[in-house]
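For reference, the structure discussed in these notes is given below.
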Amino acid sequence: MPFAPTETDVLILVDIQNDFCPGGALPVADGDAVVPVANRLARRFQHVVLTQDWHPPGHRSFASAHPGFAPFQTIEAAYGTQVLWPDHCVQGSNGAAFHPDLDVPMAELVVRKGFRPGIDSYSAFFENDGRTPTGLTGYLRDRGFTRCVFAGLATDFCVAWSAEDAVRMGFGAVVVMDGCRAIDTDGSLPAALDRLLAADVTMLDSTAIA
Ligand code: VGL
Ligand code: ZN
């Protein structure tokens, strides 16, 4: 399925940050492999947006904020099940910085998310309560974009949640699978792929993008 980006398409590069790459605090296996794909994709699109996971110290998604709990265990938060993570992407830290080889000076917006101390935010559109907006929906609508194309980290969390919300908000959604890598904790990757299929998210390879 060949795909030619148009004026109303926006490439959204999700959380390509040091902490999600090998050597980081919450490393995604082979996470840095998405960087060259992202750099190439960014030159195919007329519009590029970046997201940046951006937590205050002591964030409630950190296992360290829950005595007796270890990373990758889950708790029931008011807004649903929360996976507890190692401390990561702390505001202003090197781990929260974009990967040094990410070369996308043409990006038009950086959306920071996860900055509210008590709630996690995987999606670029809403916090994990599914209701509190980041503002991205309004931005994309104001700019006249109709289709969101995603790559980045991690496939089964921030990429999948963002793509599902894009559909929910009335945008077309495409995930460039070779431009993503997954955390895959406790079956999260197959579950996310099922949800993407059910949500009519298009999944393709970067070679399909002209
Ligand atoms: C992410 C877990 C915690 C992601 C962010 O970017 O997928 N995953 N924070
Ligand atoms: Zn996070």
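Details
- For the stretch 122-151, the tally of residues that are hydroxyl-bearing (S, T, Y) and farther than 16 Å from V14 by Cα stands at 3.
- Counted residues, the stretch 71-81 - those being within 15 Å of ligand 1 (Cβ to nearest atom) and part of a loop (DSSP other than H, G, I, E, B): 4
- Residue match in the stretch 36-55 (condition: within 11 Å of ligand 1 (Cβ to nearest atom), more than 16 Å from the chain's Cα centre (by Cα) and of a type in the set (A, V, I, L, M, F, W, C)): no
- Residues that are surrounded by fewer than 20 Cβ atoms within 10 Å (Cβ to Cβ) and in contact (Cβ under 8 Å) with a residue 60 or more places away in the chain, drawn from the stretch 158-183: D178
- Summed over the stretch 1-40, the residues that are over 15 Å from C158 (Cα atoms), in a helix (DSSP H, G or I) and of a type in the set (F, W, Y) give a count of 0.
- The number of residues in the stretch 125-162 that are outside any strand (DSSP E or B) and away from ligand 1 (no atom under 13 Å from the Cβ) comes to 18.
- Subset tally (residues that are in contact with a strand residue (DSSP E or B) (Cβ under 8 Å, 6 or more places away or on another chain) and of a type outside the set (S, T, N, Q)) for the stretch 130-150: 11
- Every test in (1) within 13 Å of ligand 1 (Cβ to nearest atom); (2) free of Cβ contacts under 8 Å to residues at least 40 places away in the same chain; (3) farther than 22 Å from F126 by Cα is passed by L84 save one, and that test is (3).
Where a number appears in this text, it was derived from the coordinates with a stated rule and is not lab data. Since the model is a prediction, treat every value here as computed from it, not as a measurement. With ideal geometry, Cβ positions are generated from the backbone for all residues, glycine too; neighbour counts draw on all protein chains shown.
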